Amino acid sequence: MVFLTGPRQVGKTTLAQSFLPKLLPAINYFNWDILQHRKVLATRIFPGKEPLGGKDQEVIIFDEIHKYPRWKNTLKGFFDLHEPKARWIVTGSAMLDVYRRDKILSWVVTSAITWPPFPSPN
């Protein structure tokens with residue numbers, strides 16, 4: 001599970017999506033800020049009515065998932081259920097600093113990356 005954090009508008013989502021063989025919104029890419037994605041997650045995926053990622057999806061992206069109140073336990077549950085097959089990318093603001101401070105998710109984090117790697121000249 002890779003956590004990609006950083007300030008707004010620096011390309012975290014674009015970078016994460018570049019790892020998908022094909023972008024399939026609400027199947028392998030979920031953005032909590034998009035109402036349709038939020039509804040799919042809240043009414044079908046999280047309650048277990050529909051499998052996460054569809055058939056044979058190896059990369060799953062959760063963008064801005066930290067805005068969901070129970071996001072940490074939910075991600076931990078998905079990780080436990082779908083590993084080692086699935087690969088996860090979780091993007092968000094600096095609020096996603098789970099690698100150093102969070103006891104729930106710290107053991108599932110394979111990488112915690114701050115993007116961009118260098119300060120912006122602006």
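Considering amide H positions built from the backbone, and no H for Pro or chain starts, which residues 5 or more places from L4, or on another chain, come under 5 Å of its amide H?
The answer is V90, T91, G92, I113.
Highest mean first, what order results for 1-13, 38-50 on Cβ atoms within 10 Å? Walk me through the numbers before you get to the answer.
Values: 1-13: 17.2, 38-50: 13.9.
Ranked by mean Cβ neighbours within 10 Å, highest first: 1-13, 38-50.
Regarding the range 1-78, what are the three Cα extents along the principal axes, ordered largest first, in Å?
34, 28, 23
Among L20, L81, L35, L75, rank each residue by its count of other Cβ atoms within 10 Å, from fewest to most, as a rough exposure measure.
Going from least to most buried by this count: L35, L81, L20, L75.
Each reported figure results from applying straightforward, stated rules to the coordinates on display, with no laboratory input. The shown structure was predicted, so the numbers you read here are calculated from the model rather than taken from an experiment. Using ideal geometry, Cβ is built from the backbone for each residue, glycine included, and neighbour counts are taken over all protein chains shown.
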